[in-house]
1. How far apart, in nm, are the 7 Å Cα→Cβ label points at Asp268 and Ile202?
2. Between Glu53 and Ala242, what is the FRET efficiency for a Förster distance of 41 Å, r being their Cβ-Cβ separation, to the nearest 0.05?
3. Determine the share of the chain's accessible area contributed by carbon and sulfur atoms, expressed in whole percent, with a 1.4 angstrom probe.
4. Mean separation of Cα pairs under 8 Å and 6+ residues apart, divided by the residue count of the range 117-270: what relative contact order is that in percent?
5. Quickly estimate the mean residue ellipticity at 222 nm for the chain, helices only: each DSSP H run with n ≥ 4 gives -39500 (n - 2.57), and the total goes over all residues, rounded to 500.
6. Kirkwood hydrodynamic radius for the chain: how many Å is it when counted over pairs of different Cα atoms?
7. So between Thr192 and Gln12, what do we pick up on full extension, going 0.36 nm a residue minus the alpha carbon distance?
8. How do 155-166, 30-41 rank on mean C-beta neighbours within 10 Å, highest first?
Amino acid sequence: MITSDHGHNAKQSAQIAATAISEQTGIAQHDVALVLGSGWAAACDQIGETAWEADTTALPFFAPSTVPGHGGLVRSVRRGEQNVLLFMGRTHLYEGHGVDAVAHPVRTAAATGCQTIIFTNGAGSLNPDWSPGTPVLISDHINFTATSPLPGASFVDLTDLYSTRLRRACKDINPALPEGVYIQFRGPQYETPAEIRMARSIGADLVGMSTAIEAIAAREAGMEILGISLVTNFAAGMTGDALNHDEVLANGAASAQQLGRLLAKVLDRI
Ligand code: 8IG
């Protein structure tokens, strides 16, 4: 297995990985990619029949997974006329493999032909009305990582980054779905209460450690983007309780069935 990126740029690496997926699946092109984050794993079986599944590490240039609750599996699922590429787990910036490792699944999805990508994540809520278990559409993001997946002078437009059309489709399915601005911190530590007050004052409603960097890479690759957070905890300082990763994951698992149905219905409207 190829494990280093030397001699290839990010796009070429993605093309190599996409070719490996085509060869292993026997499917020339995928249509939609779905990234399942913390707490979303139980949603994956409601999307459709599994046609193929592999460890992401069996594919070129995918970083090894190190986080409990992030499986590091990739699946090809057939749903109606669509071939859906499902990533169960992602590479996070805090794992230290760099922005290209974070963006690699996204670029691979684009190279397999996906024109749409759905990002899901577990997130902390800054809104007292959104308790754990609440799904929230991402309306926009604040990239607070001080880095970018784009090389050089890539002046990519991020207007309507999280597709108004796809958010509307979600609200047709469930009119009660709220929307909010997601802020990505690098992590791996959760925020201090002071950082959460700052995040609120600059316009954030949801806080997490993923998605913004990936969405930027997806936009550069020309894909239409949908982002959905599952609130798994109130952000630091909001309740007086400490944040605990195991509780965060348990909160996600309880809602994942409902979320699977939402994702399945959204896929039918893409
Ligand atoms: I799940 O409260 C989840 N991921 N940064 N803060 C940050 N990431 C998270 C949180 C949170 N909850």
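1. Label-label distance for Asp268 and Ile202, simple model: 4.1 nm.
2. The value I calculate is 0.70.
3. On the way: 5610 of 11290 Å².
Answer for the chain: carbon and sulfur cover 50 percent of the accessible area.
4. The value is 42 percent.
5. That calculation yields -9500 deg cm²/dmol at 222 nm.
6. Its Kirkwood hydrodynamic radius stands at 18.4 Å.
7. Difference between extended and current length: 60.9 nm.
8. In decreasing order of mean packing, 155-166, 30-41 become 30-41, 155-166.
The values are calculated or read from the model by the stated rules, or taken from the named source; none is laboratory data. In this text, all values refer to a predicted model and were calculated from it rather than measured experimentally. Quick reminder, even Gly has a Cβ in these numbers, built from the backbone with ideal geometry, and neighbours come from all protein chains shown. These accessible areas exclude ligands, DNA and RNA; they are computed on the full protein's heavy atoms, side chains included. Shrake-Rupley method; radii C 1.70, N 1.55, O 1.52, S 1.80 Å.
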